[in-house]
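Since the structure comes first, as C-alpha cells, the remarks are kept for the end.
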Number of protein chains: 2
Amino acid sequence: MTESPAPPKRKAVDEAVDRIRAGILGGEYRVGTDLPGERELSTTLGVSRLTLRAALSRLEAEGLVKPVHGSGTRVLDYREHGGVEMLGHMATLVQLGGEVPFALLADLLELRRVVAVEVMGIAAERITEAELDELARHLVYQASCTGDAQKYVAADIETARKLAQATHNQAILLLSNSIMRVLMQQRGMEFTFLIDIEKAISTYKKMLGLLRARDPLAARKATRTLLARLDRRLLERIAELVGVPPPKVDEGRARGAATTTTTTKATNGVKKGSDGEARS
Amino acid sequence: MTESPAPPKRKAVDEAVDRIRAGILGGEYRVGTDLPGERELSTTLGVSRLTLRAALSRLEAEGLVKPVHGSGTRVLDYREHGGVEMLGHMATLVQLGGEVPFALLADLLELRRVVAVEVMGIAAERITEAELDELARHLVYQASCTGDAQKYVAADIETARKLAQATHNQAILLLSNSIMRVLMQQRGMEFTFLIDIEKAISTYKKMLGLLRARDPLAARKATRTLLARLDRRLLERIAELVGVPPPKVDEGRARGAATTTTTTKATNGVKKGSDGEARS
DNA sequence: CGTCGCCAAGTGGTTTAGCCAGTAAGTGGT
DNA sequence: ACCACTTACTGGCTAAACCACTTGGCGACG
C-alpha cells in the first residue's frame, strides 16, 4: 500500500518511451541498426502507431534515435548524442534490474561536487548582500525541517537552487536544475538527504561563512573537501544499507565505454554490442 | 547557394515545438497559465491536432509544460524545470531577434570553462597511458585540419570528447555532450573555433603536458587561466565582428531572474511577466 | 437555506483508417 | 554491364471519432 505513490496511472506514450529507451540502453536495439518499423513496433508495444510516433519524437529529441524518411529509424549512440538527463534513465534501468547503480551514483555525485565547488567559487565573487541574507534565512528554515523528510528535501533543493542563482550565471543555474532532477529521480534518494542531516547543515553553514568572506579560492578548496567527505560517507552508508561491498569506486572504472549501464547478470547489453557496430 | 544547408525541409512537429517554445520563452504564454486548448492551438499553428500533441509531448519532456488531463496544459517556469539544453533555445531566440546573445554566450563559456577545468583535474588523475597517446595523436591530426573549417570543428569536438572520456566519469561525459550540443547549435559558432586556432592548439598542447605530469592541482590552475584568456579574447573578437560594445560581461548581470532571454526591443516577455504570476 | 449529487460541456488521451512523400531494391530495358 | 523505371517498403501527416477525466453549474434533497 505504502509503496505505490504514482505507478497506477502512467500515460501510454511515457510507457512506450521508457520501453524503447530501455531497449536501446539495454542493447536490445543495437546502435547503428534500425528500429523495427513503426507499424510493427506499435503492435509489439501494444499502442497505436500515433502514440508510438509521439514516443519516437521524444526519443529523437533526446538524441537516442534518428528517423530517416523513406528508410527507417536509426539507433544512435547515446554516449555520443545523449545529454545529462540520460543519466537518470540509465540509473533507473540498473535499479529496475534489482541493483543499486553504484558506479553511476558515484559519478553523479562527483559531478555534483564539481559543479558545487565552482558554484561556490563564483558565488563568492558575485553574491549580493540581499542574497546572502536570504540564504541565511532559508538555512534556518531548512534546519527546522529535520522532522519532515518531505519538507527537508524540498528545502534542500531550494538551498541548492539559491546557491546556483547566486552565481548570476543562467547556464549554471539550468545545469543545476538538470543535476538535481536526475538525483531526485533516483529511488531512495529521499534518505540520501536524511542520512547526515547534522553534518549537512553544519556544512551548509560553513559554506555560508565562506561566501560571506568573499574568498573564491578558499571557498572552492573548503567546499571540495567538505563535499568529498560528505559524499564518501553517503556512498558507504548506502553500501551498508544494501548490504553490498563496494564503497571503493575509484578502482572499478575500466576503459570508460564498457562501464556503462550494467554490471548486472546477463541480457543487459551495452557492454557487448557497442563500439564494433557503432563505427564500422 | 552556400548558405542553405538544411533549412528547406523541417518537420512540422519541430516547427510546432519551436513556435510554442518561443511563445513560452518569449512570454506570450505566461508561466502559471494554461496554453490554449489543443484543438484551438493546432489550428492556430496550422498543424493537425496529432502533430501538435507530439510537439506538446516533447515540450513536456523538456519541462516547459505540464498537461493536466481534464483541465488544460499548464505552462511551467523554465528557470525551475528547464535543463541545460534550454540554453540553446534561449540563445537561438535572441539571435532570431537579430541580436547576439552576449550574456548567454558568456555564461555558457564560463560553464564550459568550469567543466573543462575539472575535467582536466580529474583526467590528470585517471587518464590511462593509452588515452594519453591517443590524445596526442589526435591533436596532431587536429592541427593538420586548420585549412578545412568543417573538419577542424569536428576534430575539436572530438578532442573535447576524448578529454571528457579520460575522466572515466559517465556523468561528466554526458554533460560534456550537452554543453557541446548547445554550443554547436549557435550560429556563427563555426568561426568561434576558427578565431584563434594557433592559440587554441598551443593551449591544447600545454594541457596535454599537464595531463602527462599527472598533477591535478597544476592542471586545474593552468587550465583555468588559459581558458579564461581564450574565452575573453573570443568574446572581444565577436564584439568586434558584430560591431557592438559590451565585452564587459561581469558587470551587466543584474539580480538574475530578469536578465533572461531579452535585452531586445519590446514584446519580448520574460522580463515582465515572471515572478508575480508564477508563485501566487 | 444550505448542501450534496448528478449531469453536461470542455479538456487532454488514444485509436482507427488512410493518404502523402520519400527511399531502396528489384526488374526490365538498352 | 549499365541505366531508368517500377514497386514495395519506410516515415510524415491528417481526418474523424471515441474514451477518460475535470470542472462547474443546476437541481433535488435534507
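Below, the figures for the structure above:
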| quantity | calculated |
| --- | --- |
| Inter-residue pairs, beta-carbon under 8 Å, first over 19 Å from residue A:83 (Cβ atoms) and within 14 Å of chain B (Cβ to nearest Cβ) and in region A:22-40, second open to solvent by less than 30 Å² (accessible area, probe 1.4 Å) and within 12 Å of DNA strand D (Cβ to nearest atom), 6+ apart | A:38/A:52; A:38/A:56; A:38/A:73 |
| Residue that is surrounded by the fewest Cβ atoms within 10 Å (Cβ to Cβ) [pool: residues in region A:117-133 that are within 11 Å of chain B (Cβ to nearest Cβ) and out of contact with any helix residue (DSSP H, G or I) (no Cβ under 6 Å at 6 or more places or on another chain)] | A:130 |
| Among (1) over 15 Å from residue A:119 (Cβ atoms); (2) crowded, with 24+ Cβ neighbours inside 10 Å, the one test that residue A:184 misses | (2) |
| Residues (over 17 Å from residue A:60 (Cβ atoms) and out of contact with any helix residue (DSSP H, G or I) (no Cβ under 7 Å at 6 or more places or on another chain)) located in region B:53-78 | B:68, B:69, B:70, B:71, B:72, B:74, B:76 |
| Wholly enclosed helices (runs of 4 or more DSSP H) of region B:48-149 bearing at least 2 residues touching a residue at least 24 places away in the same chain (Cβ under 8 Å) and more than 14 Å from DNA strand C (Cβ to nearest atom) | B:78-81, B:86-96, B:102-126, B:129-143 |
| Odd one out for residue A:39, checked against (1) under 30 Å from residue B:18 (Cα atoms); (2) in the same structural domain as residue A:214 (by TED's automatic domain parsing) | (2) |
| Scan of region B:9-31 for residues that are within 9 Å of DNA strand D (Cβ to nearest atom) and open to solvent by less than 40 Å² (accessible area, probe 1.4 Å), ordered by number | B:13, B:14, B:16 |
| Residue within region A:32-43 that is open to solvent by 20 Å² or more (accessible area, probe 1.4 Å) and hydrophobic (A, V, I, L, M, F, W, C) present | no |
| Conditions (1) more than 14 Å from chain B (Cβ to nearest Cβ); (2) crowded, with 18+ Cβ neighbours inside 10 Å; number of the one not met by residue A:141 | (2) |
| Hits in region A:65-101 (condition: more than 14 Å from DNA strand D (Cβ to nearest atom) and open to solvent by less than 20 Å² (accessible area, probe 1.4 Å)) | A:77, A:78, A:82, A:83, A:84, A:86, A:87, A:88, A:90, A:91, A:94, A:101 |
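The values are calculated or read from the model by the stated rules, or taken from the named source; none is laboratory data. Only a predicted model underlies this, so the values are computations on that prediction, with no experimental measurement involved. Please note: Cβ atoms are built from the backbone with ideal geometry, for glycine as well, and neighbour counts cover all protein chains shown. Side chains are part of the model used for accessible areas, which takes the heavy atoms of the whole protein and leaves out ligands, DNA and RNA. Shrake-Rupley method; radii C 1.70, N 1.55, O 1.52, S 1.80 Å.
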